[in-house]
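Note sheet for the following structure.
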Amino acid sequence: MFKKILLVRNESTFLVNAIKNALIGAKYNVEESSYSVAELSKKKNNTNLILLYTDSELEEHRDAMVYFKDLCVEENMIMIVIGEKHAFDLVHRYVPREDLAFEIARPLDMADLISKVMIVTDDEFEMQRRKCILIVDDDLTYLQMLREWLKSTYRIGMANSGTQAIAWLATNKADLILLDYDMPVLDGPKVLEMIKSESFASSTPVMFLTGKNDKESVTKVVSLKPADYLLKSISKDKLLTTLDKFFKQR
């Protein structure tokens, strides 16, 4: 199935048409849209990449910039911007720089554009943009179940002990850690203390995901400031909703 590119432009100029034809020639499904938020919202579905072609009238479309920000932050949309420095500066006021895959200055090198589009629409590139969650639990069956629940939305790392988790974090970056409370040798609170003491992991948010719901256990970890305290009885849908809300708030 061809990847879909939403080509956003003010009007269909000669160069815009040349870009569209080059993308179609590279086997992409290309749909054009103006800067109208109403039109963008209708055409964004199933889009793999937004290709934003800017011009001198970009200043008039700040509402579209806000909408692009929402798409990038909330829906993990990928964007490439074509334009000049003043256009890039304007886009930066709204869309986080890390959500712009490339900024391509004019005059445009069409071969370079197609090459960059191929990079960002590659399945591996899209996978690497997903948030990464490290699951730490000594119950291997539960580990595998959580992985199955989350793998279609997130990149997943797994560790079945606190020592293994620290070793994983020393060479990998997690956006969130889901940590069991009751584990042999090193329990969850001790593992969290170790994580916070390591410079390479101290800023990584940690949520407890545990079967322990007694007041004493919860009170014990309050001072460690976990991002949340969830029970293993949580449903798949509720967990996915909780994680999605967490990342959007951040």
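Side notes on the structure shown:
- Residue check, Tyr53 touching a residue at least 24 places away in the same chain (Cβ under 8 Å), touching a Lys or Arg at 6+ places or on another chain (Cβ under 6 Å) and not β-branched (Val, Ile, Thr): yes
- Qualifying residue in segment 7-27 (condition: under 25 Å from the mean Cα position of the chain (by Cα), assigned to a strand (DSSP E or B) and not polar (S, T, N, Q)): yes
- Residue, farthest from the chain's Cα centre (by Cα), within segment 211-237, restricted to residues that are modelled with pLDDT under 85 and among the β-branched types (Val, Ile, Thr): Thr219
- Considered as a group, the residues in segment 2-31 that are more than 20 Å from Ser115 (Cα to Cα) and of a type outside the set (Phe, Trp, Tyr) include one that is surrounded by the most Cβ atoms within 10 Å (Cβ to Cβ), and that residue is Arg9.
- Count - residues of segment 106-123 that are more than 21 Å from the chain's Cα centre (by Cα), hydroxyl-bearing (Ser, Thr, Tyr) and surrounded by 18 or more Cβ atoms within 10 Å (Cβ to Cβ): 0
- Of all the listed residues (Leu176, Leu108, Leu169), the sole one being in contact (Cβ under 8 Å) with a residue 60 or more places away in the chain and within 24 Å of Ser197 (Cβ to Cβ) is Leu176.
- Of all residues in segment 56-74, none satisfies being more than 30 Å from Val191 (Cα to Cα) and in contact with a Gly (Cβ under 7 Å, 6 or more places away or on another chain).
- Here Thr47 clears all of (1) farther than 13 Å from Val8 by Cα; (2) modelled with pLDDT under 95 except the condition numbered (1).
- Taking the numbered list (1) within 25 Å of Leu231 (Cα to Cα); (2) outside any strand (DSSP E or B); (3) in contact (Cβ under 8 Å) with a residue 24 or more places away in the chain; (4) within 24 Å of the chain's Cα centre (by Cα) in turn, Ser152 passes all entries but (3).
- Spans of helices (runs of 4 or more DSSP H) in segment 183-250 with at least 3 residues closer than 27 Å to Lys151 by Cα and out of contact with any Phe, Trp or Tyr (no Cβ under 9 Å at 6 or more places or on another chain): 188-197, 236-249
- Selection from segment 168-200 of residues that are loosely packed, with under 13 Cβ neighbours inside 10 Å and touching a strand residue (DSSP E or B) at 6+ places or on another chain (Cβ under 8 Å): Lys173
- Highlighted here are the helices (runs of 4 or more DSSP H) found entirely within segment 61-121 that include at least 1 residues which are closer than 20 Å to Ala18 by Cα: 110-120.
- Test for Leu40: is it over 24 Å from the mean Cα position of the chain (by Cα), part of a helix (DSSP H, G or I) and at pLDDT 95 or above: no
- Being at pLDDT below 90 and under 23 Å from the mean Cα position of the chain (by Cα) holds for only one residue in Glu126, Glu103, Glu57, and it is Glu126.
- Unmet requirement for Thr141, which otherwise passes all of (1) in contact with a Leu (Cβ under 6 Å, 6 or more places away or on another chain); (2) part of a helix (DSSP H, G or I): (1)
The values are calculated or read from the model by the stated rules, or taken from the named source; none is laboratory data. What you are looking at is a predicted structure, and each value in this text was computed from that prediction instead of being measured. Positions of Cβ are generated from backbone atoms using ideal geometry, with glycine treated the same way; all protein chains shown enter the neighbour counts.
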